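The values are calculated or read from the model by the stated rules, or taken from the named source; none is laboratory data. This is a predicted model, so every value here is computed, not measured. Note that we place each Cβ from the backbone using ideal geometry, even for glycine, and neighbour counts take in every protein chain shown. Note: accessible area is taken over every heavy atom of the protein model, side chains too, but ligands, DNA and RNA are not part of it. Shrake-Rupley method; radii C 1.70, N 1.55, O 1.52, S 1.80 Å.
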Amino acid sequence: MTGAARRGLPDRRELKERPGTLAGTSWNLFAEPSRGTPSFADASAVAGAARSVRHGEVFGLDYAADAFAPGMSKARKPPVHTIYANHPAHRDDFLDGFYLQGSTQIDGLRHRRADDVGFYGGVPDDLIQPGTEELGIQVWADQPIAGRGVLVDVAGYLQSQGREIDHAGGQPLPFDLVPRALEAQGTVVGTGDIVMLHTGWAEWFLGLDDARKREQQASGRATGMAQSEELDWSWNSGVTLLAADNFAVECLPPVPDSPFKRTAPNDRGMMHQEFLAKLGLPLGELWRLGPLARRMRELGQWHALLVVKPLNVIGATGSPANATAIL
């Protein structure tokens, strides 16, 4: 039985058989319609995740707000930080030009609409405005996403096989690397888990000089999962959130034979529309997973209590992840 089925929900194949605009979606299946797959992590799942805390070690999984400057996005600029004083004993500060998805982030359900059926749950386009609540990131700020965080050390698994990821070439990673890495780790993903894919991309990119970063930006190539059955596995496993240490979780550009080229033409066949607008499954990008992966490798423990607390900005399409792992 799949994780979704254990929650009384259709599996991915059955989702595709839903009628009309509901085909392939999880619309209207959750008790809290705008919460999406974080609903998989019920009270029992969160309580169970607390048993992952064995060493009392805490890891912040966010990079600095201006870490990716320059980054892969041409539009997102680093914020300008200003500190001011009203009198000699006072200090206050603010950020100008703060792109909420400029560094470590979580994509909200407003971040993508599906080209064929629209925003998650059929929310009308004209409701996606600043200050409106529908599908806003505040849903996960009011009730943070918490559960067992499972790290899948894709980079470590490949290294154990004598293989390295071609980050400069933006290597598409076939999905079968995920179950293979999990098997090598002796780890099983369960319903309500937050899955983190460690590829080493962020540390590689941040190690480049600015000129080389701009060259990578211009190439439009970034390592990530190939567009494939990742969607089926994520939904059927009951994953609440899928995060990675790369730019978009999935590879850029999409693979030429992406099965989503027809339904997501504006995204050139990316899986983002399927994850966000159809399944209601949030994505985490540019997470700082290197230190956590290395410590988990030392301990032989691949899971942690994980809490994700977005900024409480009503109607935001995304947010810094504010992700914290406790081993």
Legend entry - Of the criteria (1) open to solvent by 60 Å² or more (accessible area, probe 1.4 Å); (2) under 18 Å from Leu281 (Cβ atoms); (3) of a type in the set (D, E, K, R), which one Asp96 fails: (2)
Legend entry - Which numbered condition Gly284 misses (of (1) under 19 Å from the mean Cα position of the chain (by Cα); (2) farther than 28 Å from Arg35 by Cβ): (2)
Inset, instruction - Please list, ordered by first then second residue, the pairs with beta carbon atoms under 9 Å, 6 or more apart or interchain, first in segment 124-135 and of a type in the set (D, E, K, R), second part of a loop (DSSP other than H, G, I, E, B) and modelled with pLDDT under 95. - result: Glu133/Ser34; Glu134/Ser34
Inset, instruction - Taking only segment 61-82 into account, find how many residues are open to solvent by less than 40 Å² (accessible area, probe 1.4 Å), under 20 Å from the mean Cα position of the chain (by Cα) and more than 19 Å from His167 (Cβ to Cβ). - result: 1
Inset, instruction - Select the strands (runs of 3 or more DSSP E) contained entirely in segment 241-319, then report the ones holding at least 2 residues which are among the β-branched types (Val, Ile, Thr). - result: 303-308
Inset, instruction - Kindly provide the set of residues from segment 86-109 that are in contact (Cβ under 8 Å) with a residue 40 or more places away in the chain and farther than 18 Å from Thr21 by Cα, ordered by number. - result: Leu100, Gln101, Ser103, Thr104, Gln105, Ile106, Asp107, Gly108
Inset, instruction - Run Thr263 past the list (1) closer than 20 Å to Ile194 by Cα; (2) in contact (Cβ under 8 Å) with a residue 60 or more places away in the chain and report the number of the one that doesn't hold. - result: (1)
Inset, instruction - Take Ser228 and decide whether it is open to solvent by 40 Å² or more (accessible area, probe 1.4 Å), polar (S, T, N, Q), more than 21 Å from Ile145 (Cβ to Cβ) and touching a residue at least 12 places away in the same chain (Cβ under 8 Å). - result: no
Legend entry - Filter result (within 21 Å of Pro253 (Cβ to Cβ) and touching a residue at least 60 places away in the same chain (Cβ under 8 Å)) within segment 160-186: Gly170, Gln171, Pro172, Leu173
Legend entry - Residue under evaluation Trp235, criteria (1) touching a Lys or Arg at 6+ places or on another chain (Cβ under 7 Å); (2) open to solvent by 10 Å² or more (accessible area, probe 1.4 Å); (3) closer than 22 Å to Arg148 by Cα, criterion not met: (2)
Legend entry - Residue among Pro320, Pro310, Pro253, Pro265 that alone is open to solvent by 30 Å² or more (accessible area, probe 1.4 Å) and either under 22 Å from Ala168 (Cα atoms) or touching a strand residue (DSSP E or B) at 6+ places or on another chain (Cβ under 7 Å) (or both): Pro253
Inset, instruction - Please tell me if Trp233 is over 24 Å from Thr25 (Cβ atoms) and at pLDDT 95 or above. - result: no
